[in-house]
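Novice: Can you read through this structure? Questions will come right after.
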Amino acid sequence: MAQNSLAERVLELRKEKGYTQEDLSDLCQVDKRTIQRIEKGEVKPEEVPMCGHCQHYGKLMDAGAKFEYVPGEAAEVIVMWSDKPEVVTQIKEFAQRNRDELAKMEAAKEAKHE
């Protein structure tokens, strides 16, 4: 995907979800100016040090993965999909990394309370 296309897609998704640049900067753990620069195509998202989740989301978006946020009472769920088998494989790997990280966090939390 061309840089301008990715910049346009980031802007489009942010607005579609009703996020301000400040909301997105908080989610990605970067400053608001960084989000502005990404949306203007001045910098590629992968060149910006962000939290690991944001980096993976950007790579999946660039590969053509589709995302939908499904709000719930207790939490928000993110559904990811693609028609491309290689992207589905990347999504599965991303999901497994998330499960592994959650398990580590839970184990650390339990160890603290013992």
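Novice: Taking the stretch 86-101 as the region of interest, how many residues are more than 15 Å from GLN55 (Cβ to Cβ) and either surrounded by 12 or more Cβ atoms within 10 Å (Cβ to Cβ) or not acidic (Asp, Glu) (or both)?
Specialist: Of the residues in that region, 7 qualify.
Novice: Only residues in the stretch 21-36 that are modelled with pLDDT under 85 and of a type outside the set (A, V, I, L, M) count as the first member; pair them with residues that are outside any helix (DSSP H, G or I) and crowded, with 19+ Cβ neighbours inside 10 Å, Cβ under 6 angstrom, at least 6 apart or cross-chain, and list the lot.
Specialist: CYS28/MET50
Novice: Taking the stretch 64-85, which residues are surrounded by 10 or more Cβ atoms within 10 Å (Cβ to Cβ) and over 19 Å from CYS28 (Cα atoms)?
Specialist: GLY64, TRP81, SER82, LYS84
Novice: Let me ask something else about it. Pairs needed: first member in the stretch 58-70, at positive phi; second member anywhere, assigned to a helix (DSSP H, G or I) and surrounded by 13 or more Cβ atoms within 10 Å (Cβ to Cβ); C-beta distance under 7 Å; at least 6 residues apart or different chains.
Specialist: From residues that are at positive phi, the pairs are GLY64/VAL87.
Novice: With exposed (fewer than 12 other Cβ atoms within 10 Å of the Cβ), basic (Lys, Arg) and modelled with pLDDT under 85 as the only criterion, which of LYS59, LYS112 stands out?
Specialist: The unique qualifying residue is LYS112.
Novice: Give the residue that is farthest from PHE67 (Cα to Cα), with candidates limited to residues of the stretch 83-94 that are touching a residue at least 12 places away in the same chain (Cβ under 8 Å) and part of a helix (DSSP H, G or I).
Specialist: Ranking the candidates gives GLU86 first.
Novice: Here is a further query. Hey, GLU22 hits all of (1) of a type outside the set (A, V, I, L, M); (2) exposed (fewer than 12 other Cβ atoms within 10 Å of the Cβ); (3) in a loop (DSSP other than H, G, I, E, B) but one; which does it fall short on?
Specialist: Unmet condition: (3).
The values are calculated or read from the model by the stated rules, or taken from the named source; none is laboratory data. Note that the structure is predicted; figures quoted are calculated from it, not measured. Ideal geometry is used to build each Cβ from the backbone, glycine not excepted, and the neighbour counts take in all protein chains shown.
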